[in-house]
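**Q** Here it is: the structure, laid out below.
FYI, it's all coordinate maths here, none of it is from the lab. Just so it is clear, the model here is predicted, and its values are computed rather than measured. Don't worry about glycine lacking a Cβ; one is built from the backbone with ideal geometry, like all the others, and counts go over all protein chains shown.
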Amino acid sequence: MLVGALNPYPCGYFGDPLKECSCSPTQVSRYSKRISGPMMDRIDIFVEVPRVDYEKRPAPSNGESSADVWRRVQAARDIQQHSFSDTAILNNAEMEPNEVDQLCEVEDSVQSLIQAAV
Ligand SMILES: [Zn+2]
């Protein structure tokens, strides 16, 4: 997975409600050619991220604690250890295609989703 960021225009203010874009058409044209078409073709999702007001930023969340995350990861590791007990591998990342075929059951609904995506 590749995640990247770039300014929409060289000045960085295109579409900004507080500061006007100062780019000339030539600058915009030159800037847009800095990332090649074939590279852009391989990026599937583009998300425009507007300026965030410090005052209006979201409050810190009371999300899951690190200890809870650790317990979830450990539970997943325990499942993998059980699944791979008869093999030389330790975790999902080490699975080869034949192990995926043997150990990973794909539900019909997921199979349909894969088919539609392909
Ligand atoms: Zn600009």
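**Q** For a quick protection proxy, order the peptides 108-118, 74-84 by their average other-Cβ count within 10 Å, most packed first.
**A** 74-84, 108-118
**Q** Here's another thing I want to ask about it. Taking the Cα centre of the stretch 35-117 as the origin, how large is its charge dipole in debye, to the nearest 20, when only Lys and Arg (+1) and Asp and Glu (-1) carry charge on their Cβ atoms?
**A** 560
**Q** Now, a different point. Rounded to whole Hz and in sequence order, give me ³J(HN,Hα) for the stretch 56-64 from the Karplus expression 6.51 cos²θ - 1.76 cosθ + 1.60, θ = phi - 60°, writing x for Gly and Pro.
**A** In residue order, the calculated couplings are 9, 5, x, 5, x, 7, 9, x, 4 Hz.
**Q** Here's a follow-up. In whole Hz, what ³J(HN,Hα) sequence does the stretch 17-24 give by Karplus (6.51, -1.76, 1.60; θ = phi - 60°), x for Gly and Pro?
**A** Residue by residue, the stretch 17-24 yields x, 9, 10, 7, 5, 10, 7, 8 Hz.
**Q** If you plug each phi of the stretch 89-104 into the Karplus form 6.51 cos²θ - 1.76 cosθ + 1.60 with θ = phi - 60°, what whole-Hz ³J(HN,Hα) values come out, in order, with x for Gly and Pro?
**A** 9, 10, 8, 4, 4, 8, 5, 9, x, 5, 6, 4, 4, 6, 9, 10
**Q** Ordered by packing density, taken as the mean number of other Cβ atoms within 10 Å over each peptide's residues, highest first, how do 29-36, 40-47, 66-73 rank? Please list the in-between numbers first.
**A** Numbers: 29-36: 11.4, 40-47: 7.6, 66-73: 9.6.
Peptide ranking by packing, descending: 29-36, 66-73, 40-47.
**Q** Test of understanding: ordering LYS19, LYS56 by Cβ neighbours within 10 Å, fewest first, what list do you get?
**A** Result, fewest neighbours first: LYS56, LYS19.
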